[in-house]
Amino acid sequence: MFDFSKIERLKSKADGGDAKAQVELGKEYISGRNVQANFAKGYAYFAMAARKNDPEGLYLVADCQDNGTGTTVSPTLAFQNYLKASGLGHVKSILALAHYYETGRGGIVDYPKSLEQYKAAFKLGNTSAKDHIARLEKLCQNALSHASSAGNASVGTRGGHPAQQLISAS
């Protein structure tokens, strides 16, 4: 059963510019809990909050862009919005960026940047990042060892392999 009074209250606040209400109303449209599901409307409300630099709004816009929910799939735009939200300390966005760097979803695999993001998430209290950190530190160490044994430790970098700074900082 739909709770129309809740939706009307949220809609009034959201249309009045309340970013938190925009995020909540967007979630209602995406989930179809208290209103008929409408992905395009959900995305539109997330976008309203994102334009106000609301971290959760930016994250949800990016998630929609990443998955094509209510909009077309655009890894580039998703990456940009995850990056903005992560700069505001949004942990789920930091984790999404780490995944982008680790898998190359945004175009280039960059283990050191992925490791940096997982460390940032861990510092903000995300304990699940710890396993990713250990795995990526090992990957970076292996890449560094391989590059050193091949005599290419400084190829394409200033002052050594990019993994070296992260390994040294650990």
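The values are calculated or read from the model by the stated rules, or taken from the named source; none is laboratory data. Here the structure is a predicted model, which is why all the values come from computation and not from measurement. Backbone-built Cβ (ideal geometry, glycine too); neighbour counts: all protein chains shown. SASA here: full protein model, heavy atoms, side chains in, ligands and nucleic acids out. Shrake-Rupley method; radii C 1.70, N 1.55, O 1.52, S 1.80 Å.
Per residue, the range 1-123 exposes 51 Å² of accessible surface when a 1.4 Å probe is rolled over the protein heavy atoms with every protein chain present. Shape verdict for the chain, please, from the Cα gyration tensor: rounded (a/c under 1.5), prolate (a/b greater than b/c) or oblate. Prolate shape, in that a/c is at least 1.5 and a/b is the bigger ratio.
Ordered from highest to lowest accessible area with the whole protein assembly present and a 1.4 Å probe, Ser86, Ser149, Ser114 read as Ser149, Ser86, Ser114.
With all protein chains present, how much of the accessible area of the chain (probe radius 1.4 Å) comes from carbon and sulfur, to the nearest whole percent? Could you put the intermediate results ahead of the total?
Details: 5060 of 9430 Å².
For the chain, the apolar C and S fraction of the accessible surface comes to 54 percent.
Here the 3J(HN,Hα) profile of the range 124-136, calculated from phi with Karplus coefficients 6.51, -1.76 and 1.60 at θ = phi - 60°, is 8, x, 7, 6, 5, 5, 4, 5, 5, 4, 4, 5, 6 Hz, Gly and Pro shown as x.
Checking the cross-link pairs Lys13/Lys92; Lys27/Lys84; Lys6/Lys41; Lys52/Lys123 against a 23 Å limit on the alpha carbon distance flags Lys13/Lys92; Lys52/Lys123 as lying beyond it.
Residue order by solvent-accessible surface for Phe122, Phe79, Phe46 is Phe122, Phe79, Phe46, largest first, with ligands and nucleic acids left out and a 1.4 Å probe.
Using the Cα centre as the reference, give the magnitude of the dipole from point charges on the C-beta atoms of the chain (Lys, Arg: +1; Asp, Glu: -1; all else neutral), rounded to the nearest 20 debye. Display every interim value, and only then the final one.
Details: 20 positive and 15 negative charges, 36 e Å.
I would put it at about 180 debye.
Phi angles across the range 98-106 convert, under the Karplus curve 6.51 cos²θ - 1.76 cosθ + 1.60 with θ = phi - 60°, into 3J(HN,Hα) values of 4, 5, 4, 5, 6, 9, x, 3, x Hz, Gly and Pro given as x.
Remark: relative contact order (the range 1-119) = 15 percent; criterion is Cα-Cα distance under 8 angstrom and separation of 6 or more residues. With helices as the sole contributors, the chain gives -22500 deg cm²/dmol at 222 nm; each DSSP H run of n ≥ 4 counts as -39500 (n - 2.57), and the sum is divided by every residue. Highest mean packing first, where packing is the average number of other Cβ atoms within 10 Å per residue, the peptides 63-70, 19-26 line up as 19-26, 63-70.
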